[in-house]
Amino acid sequence: MSDEKSTLVLHLVSGGEPLLFTVHPDAVAELTEQLALYLDHGSVQPIRTKEDVTLQVNFAHVAVAYVDDLQRRGKVFGLH
């Protein structure tokens, strides 16, 4: 699907609105595979965005994180 925009969604421990980062297509598979480990270990990890910018995310401050395609229409969280 050419218009898919895989987005890293971060809900911080402190609350507030989630942070959204569109992930570079080459980084999606590895990020999806490793995300649970990043959260378990509370590590600081580089995240490559679609704009080819590398962000450093401290997962010790993240309560919930997931990769999702926010382009889908009629999406209900948790239902596919």
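Highest first, please rank the peptides 49-55, 11-17, 28-34, 62-68 by the mean number of other Cβ atoms sitting within 10 Å of their residues.
62-68, 28-34, 49-55, 11-17
For the residue pair Leu20 and His41, what label-to-label distance in nm results when each label sits 7 Å from Cα along the Cα-to-beta-carbon direction?
It works out to 3.0 nm between the two label points.
How long is the gain from Gln34 to Glu4 if the chain were fully straight, where each residue apart is worth 0.36 nm and the alpha carbon distance is subtracted?
8.8 nm
Per residue, how big is the convex hull around the C-alpha atoms of the chain? Give it to me in cubic angstrom, could you?
Each residue corresponds to 107 Å³ of Cα convex hull volume.
If you place +1 on the Cβ of every Lys and Arg, -1 on the Cβ of every Asp and Glu, and leave all else neutral, what size is the dipole of the chain about its Cα centre, to the nearest 20 Debye?
The dipole magnitude comes to about 240 debye.
We did not get these values from a lab; they are worked out from the coordinates using the rules stated. Remember, predicted model here, so these are calculated numbers, not experimental data. Methodologically, a virtual Cβ is constructed for each residue, glycine included, from the backbone with ideal geometry; neighbour enumeration extends over all protein chains shown.
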